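Engineer: Have a look at this one.
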Amino acid sequence: MTTFVDRVELHVAAGNGGHGVASVMREKFKPLGGPDGGNGGRGGDVILVVDQDVTTLLDYHHHPHRKATNGQPGAGDHRSGKNGQDLVLPVPDGTVILDRQGNVLADLVGQGTTFIAGQGGRGGLGNAALASARRKAPGFALLGEPGEARDIVLELKTVADVALVGYPSAGKSSLISVLSAAKPKIADYPFTTLVPNLGVVTAGSTVYTIADVPGLIPGASQGKGLGLEFLRHVERCEVLVHVLDTATLESERDPLSDLDTIEAELAQYGGLENRPRVVVLNKVDIPDGKDLADMIRGDLEERGYRVFEVSAVARMGLKELSFALAEIVAAARAAKPVQEATRIVIRPQAVDDSGFTVTEEAEGLYRVRGEKPERWVRQTDFSNDEAVGYLADRLNRLGIEDALLKAGARTGDGVAIGPEDNAVVFDWEPTMAAGAEMLGRRGEDHRMEAPRPAAQRRRDRDAARDESDEEYDGFRPF
């Protein structure tokens with residue numbers, strides 16, 4: 001059974017905003033109580049938070065669909081709906097958030113670091129909030145906005161100070177088991193390690209973490225073996241330790257060629273050129289291994305490597321290695337700028353969202369895009385004529401009618417507000433009168449009942465075209 005997962009695709013959906021309510025106060029001896037409809041509650045957000053107690057993405061592998069709760073609708077007597085509860089998802093330290101195209105959205109490092117993966121929808125206003133001097137008793141309310149829904153990819157990059165890299169069966173798991181309290185699986189066959197193992201090492205006053213990465217083979221950077229899947233776990237490490245097997249039984253291999261092969265794979269993966277390297281010659285307790293280590297030690301030192309001869313089985317050379325790694329880690333930490341405590345930074349969106357664009361997509365069809373008009377459309381109850389008239393007034397005040405005139409729109413042309421896959425399309429009637437003097441009973445707007453000759457001409461033209469197609473009985477001359 002899989003117990004370690006370091007990459008998942010997560011489907012998150014924030015909560016929808018609650019609808020506002022249209023209500024009129026009805027109380028004895030108060031015949032004109034006025035509107036008292038409350039606002040809808042805000043939908044809950046989906047928030048990712050770094051938790052040091054979480055070390056894997058396994059839970060999201062089994063349950064990839066996560067949704068926050070919706071906001072509650074408003075009620076009469078000025079009662080606002082309850083806000084939806086935020087959904088907080090704990091993730092391991094070092095989790096990278098990407099979209100489906102591979103673009104990095106956030107890099108979560110440090111306890112308590114947060115990222116809002118899905119924004120909850122706004123609640124709709126009730127008719128009490130929509131009342132004005134000209135519209136004293138609105139017969140409609142605004143709908144709640146849908147919550148943000150999207151697919152994101154979570155990638156875990158292990159936060160460790162030292163990474164052990166090398167061929168399969170080079171002794172990396174044995175080495176981490178004697179340097180720390182980690183208990184990885186150890187066996188005498190390749191690819192024993194299937195997941196990264198983490199251990200904590202104490203050397204004097206320095207405490208650092210060490211990671212055992214599954215063995216690399218030629219072509220790992222192109223996906224061969226298990227190396228490519230776990231090379232991301234060495235990206236954050238300060239020191240790379242090459243573990244070389246000096247007692248290998250394969251005649252076509254030797255420690256120097258193994259080192260060159262691993263370095264070539266690390267170079268192809270990229271981003272690791274400036275990390276300090278240390279070479280560990282393992283299994284020197286075997287006579288042939290000790291002889292081979294003495295032969296190649298000079299060549300490795302000429303290349304600039306610090307070389308340590310160790311034996312994980314016989315516990316030889318471990319103290320010198322652990323203190324040398326502690327020295328490199330301490331120097332790397334001292335060179336870094338002092339990090340302040342993680343703070344949650346709230347960055348609200350810009351208040352100026354009144355911008356919009358009007359483009360002509362085809363003859364007689366214009367598309368309007370903009371955050372504010374699209375939000376107004378989502379919040380409009382199109383089954384209520386007064387709500388539709390209120391939307392027309394808002395769009396007119398925003399300047400969309402003037403922009404359509406400048407773009408060349410004429411009476412009866414189609415206007416689409418929103419993206420192609422989710423737009424509201426209507427026939428444009430310019431210079432519509434606006435104001436409360438046009439209103440009748442609550443929920444009605446006389447403008448919606450006015451004759452629309454341009455729209456009728458379009459319907460008649462479409463009907464005539466359909467009749468002409470039927471006369472040909474499915475065949476039309478070329």
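The values are calculated or read from the model by the stated rules, or taken from the named source; none is laboratory data. Remember, it's a predicted structure, so these values are computed and weren't measured experimentally. Counting neighbours? That spans all protein chains shown, and the Cβs are built from the backbone with ideal geometry, glycine included. The protein model used for the area step is the full one, side chains on, heavy atoms only, and it has no ligands, DNA or RNA in it. Shrake-Rupley method; radii C 1.70, N 1.55, O 1.52, S 1.80 Å.
Engineer: Using a 1.4 Å probe over the heavy atoms of the protein chains, calculate the carbon and sulfur portion of the accessible area of region 5-113 as a whole percent. Don't jump to the answer; show the numbers that get you there.
Structural biologist: Working: 2870 of 5690 Å².
C and S fraction of accessible area: 51 percent.
Engineer: So if each residue of separation counts as 0.36 nm, and I subtract the Cα-Cα distance between R375 and R7, what length gain in nm does that give?
Structural biologist: Working: separation 368, 0.36 × 368 = 132.48 nm, distance 3.44 nm.
Roughly 129.0 nm would be gained on extension.
Engineer: Pull out the extension gain between L256 and M295, defined as 0.36 nm times the separation in residues minus the alpha carbon to alpha carbon distance; nm, one decimal.
Structural biologist: Working: separation 39, 0.36 × 39 = 14.04 nm, distance 1.07 nm.
Extending this stretch completely gives an extra 13.0 nm.
Engineer: Continuing with this model, one more query. How much FRET efficiency would the formula 1/(1 + (r/R0)^6) give for D77 and E235, where r is the Cβ-Cβ distance and R0 is 56 Å, rounded to 0.05? Please report the intermediate quantities before stating the final value.
Structural biologist: Numbers: r = 58 Å, r/R0 = 1.03.
It comes out at approximately 0.45.
Engineer: Taking R0 as 60 Å, what's the FRET efficiency between A332 and V425 from their Cβ-Cβ distance, rounded to 0.05?
Structural biologist: Numbers: r = 60 Å, r/R0 = 1.00.
E(calc), rounded to 0.05, equals 0.50.
Engineer: Another question, if that's okay. Classify region 236-335 as rounded, prolate or oblate from the Cα gyration tensor: take a ≥ b ≥ c as the square roots of its eigenvalues, call it rounded if a/c is under 1.5, otherwise prolate when a/b beats b/c and oblate if not. Write down the numbers at each step before the final one.
Structural biologist: On the way: a/c = 2.18, a/b = 1.28, b/c = 1.69.
Note, shape of region 236-335 comes out oblate.
Engineer: May I ask for log10 I(q)/I(0) of region 112-155 at q = 0.14, 0.15, 0.16, 0.31 Å⁻¹, from a Debye sum over the Cα atoms as equal point scatterers with solvent left out?
Structural biologist: Computed log10 I(q)/I(0) values: -0.54, -0.57, -0.60, -1.07.
Engineer: Quick one: Debye curve from the C-alpha atoms of region 1-63, no solvent, what's log10 I(q)/I(0) at q = 0.13, 0.14, 0.16, 0.26 Å⁻¹?
Structural biologist: -0.60, -0.64, -0.72, -1.10
Engineer: Taking 37 °C and 0.692 mPa s as the conditions, I'd like the Stokes-Einstein D for region 54-177 in µm²/s, using the Kirkwood hydrodynamic radius from alpha carbon pairs.
Structural biologist: On the way: Rh = 18.9 Å.
It diffuses with D of about 173 µm²/s by this estimate.
Engineer: Tell me the carbon and sulfur percent of the accessible area for region 354-437, rounded to whole percent, probe radius 1.4 Å. Before the final figure, lay out each step's value.
Structural biologist: Values: 1920 of 4170 Å².
It is 46 percent, rounded to a whole number.
Engineer: Can you give the FRET efficiency for T55 and D107, using 1/(1 + (r/R0)^6), R0 = 22 Å, r = Cβ-Cβ distance, to the nearest 0.05?
Structural biologist: Values: r = 18 Å, r/R0 = 0.80.
With a Förster radius of 22 Å, E is 0.80.
Engineer: If you take the alpha carbon radius of gyration of region 244-298 and divide it by 2.2 N^0.38 Å, what ratio comes out, to two decimals? Walk me through the intermediate numbers first.
Structural biologist: Numbers: Rg = 12.7 Å, N = 55, 2.2 N^0.38 = 10.1 Å.
Taking N as the residue count of region 244-298, the ratio is 1.26.
Engineer: OK, next. Accessible area of H19, 1.4 Å probe, to the nearest 10 Å²?
Structural biologist: 90 Å²
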